[in-house]
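Okay, so here's the structure we're looking at.
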Amino acid sequence: MLKWKVLVALTAVFITTHISAAFLPPVQSKQGMIVSSQRLASLVGQHILHEGGNAVDAAVAVGYALAVVHPCCGNLGGGGFMTIHLRSGKNVFINFRETAPANIKPALFLKDGKVDRQLALHSYLAVGVPGTVMGLNTALKKFGSLSLQQVMAPAIKLAKQGFILSHGDVNILRRYTDDFRKQPNVAAIFLPNGQPLQVGQRLKQPQLAHTLEAISEQGSRVFYHGWIAQEIVQAAQKDHGVLSMQDFVRYKVHVEKPLECHYRGDQILTGPPPSSGVIICEILKTLQAYPLKNLGFHSALATHLNAEAMRFAFYDRNHYLGDPRFVKNPLKQLLSAEHIHSIRQQIKPFFATPSSQIKSNIQLIANNPNTTHYSIMDAKGNAVAVTYTLNGLFGNKRIAGKTGFFLNNELDDFAIVAGAPNLFKLVQGKANLIAPNKQPLSSMSPTIVMKNNKVYMVLGAAGGSTIITSIVQAIENVVDFGMNINMAINQPRFHMQWLPDKIYYEPFALSADTQATLRKMGYQLQLGAPYHTKRWGQMAAIRVNPKTGAFEGANDNRRPAGLAVG
Ligand code: DON
């Protein structure tokens, strides 16, 4: 550690740490705050809070509304996680991740001994049993105060009466015109008269409205035991799928405790496996020993330390984490002082560690293997962070029969074969191997940060593997660099995930000097995400101003259709 102290003393002399930049201030309110990636869904949440609902009621209403107004990512056909802090002080994590069908086998995905990427992403073989409907309904029943009919009414209205498309909405829909054209029932909704939808046009979804009405009247049963499951099973049988009614009937959500850790005195509540909250904790705990503030925002040294902490933590993620009902996740060991110390010992001040040289020091005890985030707080003291997903944008791009909603391609989050990279180029091993009735490991980690036992931040991200590093950088930007929440989530980001052995960076994230220094340290740099977009992720975050108690909400400019509203 001494070498670091000397280095910091030197850099502190030269680097100005006060950051002020021309960002809009966050949206402020004392009555409550909703941030989601589609403005109409945020307004639904606001309406529910106005009606006297709590943050959980609003979260369920926003979840259903996003399934209508943000069909790429908001969903009924996917799954996710919800982290809740209740005003009573109780903390809850709801796991409604998709589950693999009982008849899944890795061999089904292989062609000539290799994973067929088309099958893994664009067929019914990719579909896990969706968890969203049971997840939202469970949250409402346990922690909400309004009826299912009350919270679903706005979503049903939006689907029935339609909504006017903005530029941000159309930008997302336009990306998949060719895929929509291949499926007549998808084209009938999203390519009226064979043409892509235009800004200003009204999108009505009567089939989806019918599905939502059935859920609103009959609850989860119609989805898991009734005609909705039957439609999905029938469609799956015609397109490589192995889903059965039994898979739907057997589906369960898990109501658990969030994973906890501390960063510079603040308490972090985040997702236990199959979420990746422990990796956020591992990165932050590693970084805690270094004076990032003095090193400077996105300076070569601060970037190096972050990248190394990310590299070691992703190595652990990709080797040890998986569905806790199938593998033992060594959570205590990953966050132990010894393990974090050993990571710091291996980080060299001026050189990148080649990913190929990392060795494990975790002894496993008996081995039993497109997204959207929204954040909500109410004035009563409840906070909810939800990340849910179809995996790819519009999932597997399929809608079963007349159900009106897209299905996920979540099974690609497994290692179908150990070492075969997935959509996010994650190279994962045995713990996350695909298996019947198992949940794939996820990067989604809805997170709540507590300061002095009060909610301080509610945040989370979309973006596959970059979710983890986006959340880490947002927390650092607030805690270490003193940014407001809007600046914190809208800064350009960088990302490292062990393999491929590269730092990925967004435009303007790293100056030319920083890039040159990092290259000299041995890093390979690549502009854009591991999955070929220049900018990545979508965050929706709230910070409670410790001085005024006001909620400060911020939407991510990367999803301009979104809105923070108080
Ligand atoms: O659960 C996961 O880690 C991925 N299925 C998330 C996908 C995602 O974030 C895509 N989004 N933009």
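The values are calculated or read from the model by the stated rules, or taken from the named source; none is laboratory data. None of these values were measured; they are calculated from a predicted model. Positions of Cβ are generated from backbone atoms using ideal geometry, with glycine treated the same way; all protein chains shown enter the neighbour counts.
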Has region 211-219 got at least one residue that is in contact with a His (Cβ under 7 Å, 6 or more places away or on another chain) and either under 30 Å from residue 176 (Cα atoms) or acidic (Asp, Glu) (or both)? no
Being on the phi > 0 side of the Ramachandran plot and more than 16 Å from the ligand (Cβ to nearest atom) is the filter; apply it to region 494-539 and report the residue that is surrounded by the most Cβ atoms within 10 Å (Cβ to Cβ). 522
Any idea which of 433, 407 is at pLDDT 95 or above and buried (at least 24 other Cβ atoms within 10 Å of the Cβ)? 407
Look at region 371-393 and say how many of its residues are within 12 Å of the chain's Cα centre (by Cα), near the ligand (Cβ under 9 Å from one of its atoms) and either β-branched (Val, Ile, Thr) or surrounded by fewer than 24 Cβ atoms within 10 Å (Cβ to Cβ) (or both). 4
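Give 96, 109 a once-over and let me know the one that is more than 16 Å from the ligand (Cβ to nearest atom) and crowded, with 24+ Cβ neighbours inside 10 Å.
Values: 96 fails: more than 16 Å from the ligand (Cβ to nearest atom).
Answer to the check: 109.
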Output for Cβ contacts, cut-off 7 Å, separation at least six or different chains, first residue within 26 Å of residue 414 (Cα to Cα) in region 252-276, second aromatic (Phe, Trp, Tyr) and within 16 Å of the ligand (Cβ to nearest atom), reads 253/96; 256/93; 257/93; 258/93; 271/81; 271/93; 272/93; 275/81
Give the residues of region 491-519 that are more than 17 Å from residue 351 (Cβ to Cβ), among the charged types (D, E, K, R) and in contact with a strand residue (DSSP E or B) (Cβ under 8 Å, 6 or more places away or on another chain), sorted by residue number. 493, 506
Residues (within 12 Å of residue 371 (Cα to Cα) and part of a helix (DSSP H, G or I)) located in region 398-412: 410
Which pairs turn up if I take residues in region 453-471 that are over 15 Å from residue 424 (Cβ atoms) and look for partners that are within 8 Å of the ligand (Cβ to nearest atom) and modelled with pLDDT under 95 with beta carbon separation below 6 Å, at least 6 apart in sequence or on another chain? none
Positions within region 1-58 being modelled with pLDDT under 60 and either over 30 Å from residue 287 (Cα atoms) or not in a helix (DSSP H, G or I) (or both), in sequence order: 1, 15, 16, 17, 18, 19, 20
Just to be sure, is residue 485 under 20 Å from residue 276 (Cβ atoms) and at pLDDT 95 or above? no
Hey, which of the helices (runs of 4 or more DSSP H) in region 244-309, taking only ones fully inside, have at least 1 residues that are within 16 Å of the ligand (Cβ to nearest atom), surrounded by 23 or more Cβ atoms within 10 Å (Cβ to Cβ) and of a type outside the set (D, E, K, R)? 277-287
If you take the residues of region 394-412 that are within 16 Å of the ligand (Cβ to nearest atom) and of a type in the set (A, V, I, L, M), which of them is farthest from residue 471 (Cα to Cα)? 407
Per the filter on region 112-154, residues assigned to a loop (DSSP other than H, G, I, E, B) and within 16 Å of the ligand (Cβ to nearest atom) are 122, 127, 128, 130, 131
Among the listed residues 253, 199, identify the single one that is β-branched (Val, Ile, Thr) and closer than 30 Å to residue 161 by Cβ. 199
Hey, can you tell me all the residues within region 66-93 that are within 24 Å of residue 270 (Cβ to Cβ), aliphatic (A, V, I, L, M) and surrounded by 24 or more Cβ atoms within 10 Å (Cβ to Cβ)? 66, 82, 84
Which ones in region 429-452 are of a type outside the set (Ser, Thr, Tyr), in a loop (DSSP other than H, G, I, E, B) and either more than 16 Å from the ligand (Cβ to nearest atom) or out of contact with any Asp or Glu (no Cβ under 8 Å at 6 or more places or on another chain) (or both)? 429, 434, 435, 436, 437, 444, 446, 452
Step by step: first the residues of region 540-549, then only those that are away from the ligand (no atom under 14 Å from the Cβ) and crowded, with 18+ Cβ neighbours inside 10 Å, then the one that is farthest from residue 501 (Cα to Cα). Which residue is that? 544
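Picking from 395, 381, which residue would you name as being touching a Lys or Arg at 6+ places or on another chain (Cβ under 6 Å) and either over 30 Å from residue 51 (Cβ atoms) or assigned to a loop (DSSP other than H, G, I, E, B) (or both)?
On the way: 395 fails: touching a Lys or Arg at 6+ places or on another chain (Cβ under 6 Å).
381 is the lone residue from the list that is touching a Lys or Arg at 6+ places or on another chain (Cβ under 6 Å) and either over 30 Å from residue 51 (Cβ atoms) or assigned to a loop (DSSP other than H, G, I, E, B) (or both).
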